[in-house]
1. Six or more apart or on different chains, Cβ atoms under 8 Å: show the pairs whose first residue is in the stretch 87-104 and farther than 16 Å from Ile178 by Cβ and whose second is of a type in the set (Gly, Ala, Ser) and part of a helix (DSSP H, G or I).
2. Do you know which residues across the stretch 139-161 are more than 16 Å from Pro89 (Cα to Cα), loosely packed, with under 13 Cβ neighbours inside 10 Å and either of a type outside the set (Asp, Glu) or at pLDDT 95 or above (or both)?
3. For the stretch 99-116, does any single residue satisfy the condition of being within 32 Å of the chain's Cα centre (by Cα) and surrounded by fewer than 20 Cβ atoms within 10 Å (Cβ to Cβ)?
4. Has the stretch 100-108 got any residue that is under 21 Å from Val88 (Cα atoms) and at pLDDT below 95?
5. Of the residues Gly144, Gly121, only one is over 25 Å from the mean Cα position of the chain (by Cα) and at positive phi; which?
6. Residues that are among the acidic types (Asp, Glu) and part of a loop (DSSP other than H, G, I, E, B): does the stretch 108-122 have at least one?
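The values are calculated or read from the model by the stated rules, or taken from the named source; none is laboratory data. Here the structure is a predicted model, which means the values were calculated and not measured. Glycine gets a Cβ as well: all are built from the backbone with ideal geometry, and neighbour counts include every protein chain shown.
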Amino acid sequence: MTEKGRHTDGASTGFYRDLAMMVLGILALGAAIFLLLFWLAEGPEQGPPTTPLAAAATTVTTAPETTMSTAATTEVTTTTTVPTSTTVPVRPPEEVRVVVLNSMGLAGAAGRLTEELEEAGYQPLQADDYEPELDPSRIWYREGFSAEANVLLEYLPDAVVQPLEDEDLQEGADVIMILGSGYEE
């Protein structure tokens, strides 16, 4: 009879038991690391507290939330970007100087809108004409007056709001409203 090796006599279960324990240990350690990283990534968000303002405000979101994961053989890196928002207070109408310009040729339209803005409390400047004819209407604002320009969309709902590029245009005005060919009273 041939002599059997030491692993063939039934005592080989120790080897397989040790192998199974090692594999289970590696899986348990990997699961624990994954759960820890997941918990850290989903933890409480840190961000500036927001305080409601008494006046109207515009909220600007600066970054969408993103999550990236990179996996290597033994290392996992997770990066989370939390969105932040900035609340910009809107000046009251009496602190905003507005001029209405007519580019569409409808006589008196800029003057009538100027009167409406004055009744709402704005500081109107003398209405005037503007060339060339624009379509759609425009609301141009000086630096720092974007929130107020967006509030004035109430009077020109189809207008395009843009920063003022020509600082010499209508000096003294914070916001310039130009009635385009699509404007309707």
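1. Hits for this filter: Val88/Ser146; Val88/Ala147; Pro89/Ala147; Val90/Ala147; Arg91/Ala147.
2. Within the stretch 139-161, just Pro157 meets the criteria.
3. Looking for residues that are within 32 Å of the chain's Cα centre (by Cα) and surrounded by fewer than 20 Cβ atoms within 10 Å (Cβ to Cβ), one finds none in the stretch 99-116, hence no.
4. There is no residue in the stretch 100-108 that is under 21 Å from Val88 (Cα atoms) and at pLDDT below 95.
5. Gly121
6. Scanning the stretch 108-122 turns up no residue that is among the acidic types (Asp, Glu) and part of a loop (DSSP other than H, G, I, E, B).
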